[in-house]
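First comes the structure, then the notes that go with it.
The values are calculated or read from the model by the stated rules, or taken from the named source; none is laboratory data. Every value quoted in this text rests on a predicted model; they were computed, and no experiment measured them. Positions of Cβ are generated from backbone atoms using ideal geometry, with glycine treated the same way; all protein chains shown enter the neighbour counts. The area values use the complete protein model at the heavy-atom level, side chains included, leaving out ligands, DNA and RNA. Shrake-Rupley method; radii C 1.70, N 1.55, O 1.52, S 1.80 Å.
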Amino acid sequence: MNPRLLWLGAMIVLPALAGAPAPSQVTTFDARSYRHVDVRDPAQARRAWDALHLLAALQGLANRDAPRFYVLFAQDFEVDTDQFWLDWLRGEDGWLKDTLPQPVADIDAALTALRPHYTGLVVYDPNVPATACVASTAAGCERLLPVRYDPSPDSLFTRCARTLDLPIGLWLVHPDGSSMFTGSGQIPDSTKPSSGSAKIDAYRWAAARYIETGRCDPRFAAYYMDADWLRRPGNAPADNHTLPNHDYFIARRAFFFDLSPWGDEAPVDDPGQSVGLDRRMLLDLLRAFHDGTRGGITKIGGFPPWPFKYTTHGGAGRHQPVPTEWEFTRLISQFNAYHEADAASHGAMANASFFQHYPLATPYRQPNPIPSRAQWQARGYVTPDGRVVSKLFVGHYVGDYDAPSWLYKAVPAFFRDPARGQVPLGWAFDPNLADRAPQALVYAYRHATTNDFFIAGDSGAGYLNPRALTARPDSGLPSGLAAWEAHCRRAYGDWGMTITGFALDGSAGASTATEFLAYKSFSPDGIGTHFEPQPRLIAGIPTCPEKDLPNGAAEAAALIARRAEARGAGPGFLWARSILKPPRWYAEVSALLRERHPHLAIEVVDPYTFFGLIRLALDPADAGGSPSY
């Protein structure tokens, strides 16, 4: 396909979703049993996959323009997550206080209750796993429910197509079960020759049907694992297929794909393809999204499926998971795309298509006043003559929340931790997560203590590489900084944020003054950096390199103590990054510092104080303590 010819002005424009009135009733389905299947049993794995794929599509279609269908599935951090949010919305929050849940007993009942919202089935090929992603694309664009071809008497395909007699609107496999995509001859319904790969032919077919015709919305794409999961489901926890995440992207008519970013090896799921074919297909799609938005921003849900494929963990790959993440991010950034990193372990979430209708009251402000220079002096951080005192100042970057799935699950657990409020914390919540988990951000802001502050995570209003917005060897496109700046200014403004906790450059190279200057318009009060060797003022922004803390509290305290001992004269600064830690962990780290290292001059401060003190230390002429917030 020629990505430069895509859309040609035929872009789908969906209605703005600024919140919806509470529905009088909501259909609910309890899918929690599918989290506990024994994936070592192929029959159980297939049954869970088929049910959750169909349910996600049914939810996305039913919730496209109003909240109608709620699924109970996610559980994490010892919290029954979906139940927690439903109870909160019906209780303390009040949005659904007058809404009557209507539980359905099984999938048949759900299909009956929500029959007006879909037109039929799309049947995909178990022998060409990529057709599962094509089926999710078709679901959003043609209002179809995906079912895997399986003529056995007890299969979901048999029940839907034969027992319930639902019409089949699209076949991605021949009705006799033989493959429609074979990797030879011509691509079906096309004069184009086969790529030599059934996987790539399926995506080229889908691109012609949905992208070139403008039926997909180029502002949304979805990078979730295809049905190859069924070949190795035991590589990760049972919910790591992330099928429930499809609902939002089906509602938004996104294009689904599962492709390797590497051009130096054939992927484990398609070992016979020409080396680099997956990557070329990925680049074609990214260019199509870019052109379809006319140089705007594309949201990509999902993450490289590293436990299953494309890495050393996924079998046959020679690249480690983090370099694979970085290569994917480097590539998408060159096309003005960011990803919401629904990564392994905690990546599965349901109901984003439902929550997209939650009525936000933007703009929101930081729950706490930003400390002033006078308060810094009163707390002993600044001398009466305006100098930053000789101590090690520690700021906690509380991450990683560049994925709505992680935010969605962590907030109910961590914001009910009794230790929260004992230590100043910078909760690094990317503001774009409000698209899929808005209620989680609202809950956090409402329940903030005086020591809870909110900043953006990596790398702002979405995870991309800032340097790849201007250095673009793989796309050859002009700079995307202006589009990114406008996108971030809106999102930061909605949530009262002026600090970016981590500008994650990855393998794209270190950001330059050009990128920092663009960040100044929405993140003037601080940026955590990736490659900078020390705190600096760049384009007038106080910056500090992040330092990952060890997982153990004792080890983290020891690292901080070593930094304090090695500080030398004058103030020192440690921007300490940790991942998925509860407030009690930070309280323990501080307690250990007091108990074991009472002689060291260490102060844990909030992120606005942290970066403000860097500004003052590096430029005493600056007023300091006068954040843009």
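If I ignore ligands, DNA and RNA and count only protein heavy atoms, how much of Tyr118 is accessible to a 1.4 Å probe, in Å² to the nearest 10?
It works out to around 10 Å².
Put +1 on the Cβ of each Lys and Arg and -1 on the Cβ of each Asp and Glu in the chain; which of Met349, Ser274, His290 then has its Cα farthest toward the positive end of the dipole?
It is His290.
So what is the 222 nm mean residue ellipticity for the chain from helices alone, if each DSSP H run of at least 4 adds -39500 (n - 2.57) and you divide by all residues, rounding to the nearest 500 deg cm²/dmol?
On the way: 17 runs with 186 residues, N = 629.
Roughly -9000 deg cm²/dmol at 222 nm, from the helical runs in the chain.
Is the shape of the stretch 169-219 rounded, prolate or oblate, going by the alpha carbon gyration tensor and its root eigenvalues a ≥ b ≥ c, with a/c under 1.5 for rounded and a/b larger than b/c for prolate?
Details: a/c = 2.26, a/b = 1.42, b/c = 1.60.
Oblate is the answer for the stretch 169-219, as a/c is 1.5 or above yet b/c matches or exceeds a/b.
So I have (i) 143; (ii) 160; (iii) 173, and one of them is volume of the Cα convex hull per residue in Å³ calculated from this model. Which one is it?
Comparing each candidate, only (i) matches the computed number.
To the nearest 20 debye, what is the magnitude of the charge dipole of the chain about its Cα centre, counting +1 on the Cβ of each Lys and Arg and -1 on the Cβ of each Asp and Glu? Could the numbers behind the result be given before it?
Numbers: 59 positive and 66 negative charges, 200 e Å.
Computed about the Cα centre, the dipole is about 960 debye.
Multiply the residue separation of Asp417 and Asp150 by 0.36 nm, subtract the distance between their alpha-carbon atoms, and state the gained length in nm to one decimal. Kindly include the intermediate steps, with their values, before the conclusion.
Working: separation 267, 0.36 × 267 = 96.12 nm, distance 4.66 nm.
Between Asp417 and Asp150, full extension yields an extra 91.5 nm.
Determine the gain in length on full extension of the stretch Ile168-Gln534; use 0.36 nm per residue of separation and subtract their C-alpha separation, reporting nm with one decimal.
Details: separation 366, 0.36 × 366 = 131.76 nm, distance 6.08 nm.
Stretched fully, the Ile168-Gln534 segment lengthens by 125.7 nm.
Projecting each Cα onto the charge dipole of the chain (Lys/Arg +1, Asp/Glu -1 at the beta carbon, about the Cα centre), which of Gly183, Ala440, Pro542 comes out farthest on the positive side?
Pro542
Taking the Cα centre of the stretch 278-361 as origin, work out the dipole magnitude from +1 charges on Lys and Arg Cβ and -1 charges on Asp and Glu Cβ, in debye rounded to 20. Mind dumping the intermediate values first?
On the way: 8 positive and 7 negative charges, 39 e Å.
Once rounded to the nearest 20, the dipole reads 180 debye.
Mind giving me the FRET efficiency for Ala66 and Asp38? R0 is 30 Å, r the Cβ-Cβ distance, nearest 0.05 is fine. Could you put the intermediate results ahead of the total?
Numbers: r = 37 Å, r/R0 = 1.24.
Computed FRET efficiency for Ala66 and Asp38: 0.20.
May I ask which residue of Gly380, Val398, Asn451 lies farthest towards the positive end of the charge dipole of the stretch 364-497, with charges of +1 (Lys, Arg) and -1 (Asp, Glu) on Cβ and the Cα centre as origin?
Farthest towards the positive end: Gly380.
Kindly flag which residue pairs out of Lys97/Lys409; Lys391/Lys547; Lys199/Lys299 have an alpha-carbon separation exceeding 20 Å in this structure. Let's see the in-between values first.
Numbers: Lys97/Lys409 22 Å; Lys391/Lys547 18 Å; Lys199/Lys299 23 Å.
Where the Cα-Cα span goes over 20 Å, the pairs concerned are Lys97/Lys409; Lys199/Lys299.
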